[in-house]
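The values are calculated or read from the model by the stated rules, or taken from the named source; none is laboratory data. The model shown is predicted, which means the values in this text are computed figures rather than measured ones. Don't worry about glycine lacking a Cβ; one is built from the backbone with ideal geometry, like all the others, and counts go over all protein chains shown. In case anyone asks, the SASA skips ligands and DNA or RNA and just uses the protein heavy atoms, side chains included. Shrake-Rupley method; radii C 1.70, N 1.55, O 1.52, S 1.80 Å.
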Amino acid sequence: MFSLPSARTLLAACRPSTWSSPFGPARSSPSLVFARGRHQLAPRSVKFLKRHKGVLPIPVGGSTKGTTLTFGEWGIRVKGNGMRITAKQLKSADEALKRKLKPIKGAKVYMRVFPDIPVCIKGNETRMGKGKGSFEFWATRVAPGRVIFELGGVPIREELAREALRLACDKLPTLMEFIDRKAPPRLGNLLITPELPVDANAPQVVAP
């Protein structure tokens, strides 16, 4: 997880770089560049250091995008309420999946979400005012029915996929469900099942 020891170090690491030009005054780059580690889940650069808290996305318009599998054969998606998942939780779940699938050559883990929202926290029993709190961690907002992880690359037995995804679910803060390619899309708590075709030759039953 991306973390800095103090606010002063954070400001020093995120201060825009300046360069001097012989044709004019120094200019500052529009985005902030972070000292991100190779295995850390954090964006390379952001335009603004702090962001509003925001709300959890709710698919009120009827969109089912991101609720079915796209890359793999097995996966998990959010079954309970929407949640804000931190980068540390996603990294722990990803490591649990890769540790379980390590004996299978060619197995791949697909993460369908990415923590790109900076979360700022103020200390307990702090007086009101004095601006927004300091940066703490990265997170992402997931809606009900959103696919979080997928397993694919090579054929994987269902029993092994269930066990690996169960270990990943233990690292996440909300209720998950196991899905496959045949799982219907989900709209909130409602499963969108296809309608059965109507047979024109079937006898019509008329109620008395």
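For this structure, a couple of remarks:
- Cβ-based net charge around Leu56, under 12 Å, with every Lys or Arg adding one and every Asp or Glu removing one: +4
- Relative contact order, percent, segment 108-173 [alpha-carbon distance under 8 Å, six or more residues apart]: 39
- Out-of-range pairs (alpha-carbon distance over 31 Å; input Lys65/Lys130; Lys88/Lys132; Lys98/Lys182; Lys50/Lys88; Lys102/Lys122; Lys50/Lys102): Lys65/Lys130; Lys102/Lys122; Lys50/Lys102
- For segment 50-109, the extents of the C-alpha atoms along the principal axes are 41, 30, 21 Å, listed from largest to smallest.
- Segment 75-163: equivalent-ellipsoid semi-axes (sqrt of 5 x gyration tensor eigenvalues, Cα, Å): 35, 14, 10
- Portion, in percent, of the accessible area of segment 112-169 that falls on carbon or sulfur, probe 1.4 Å: 50
- Accessible surface calculations at 1.4 Å, restricted to protein heavy atoms, place segment 92-164 at 58 Å² per residue.
- Kirkwood Rh, Cα atoms: Rg over Rh of segment 51-208: 1.13
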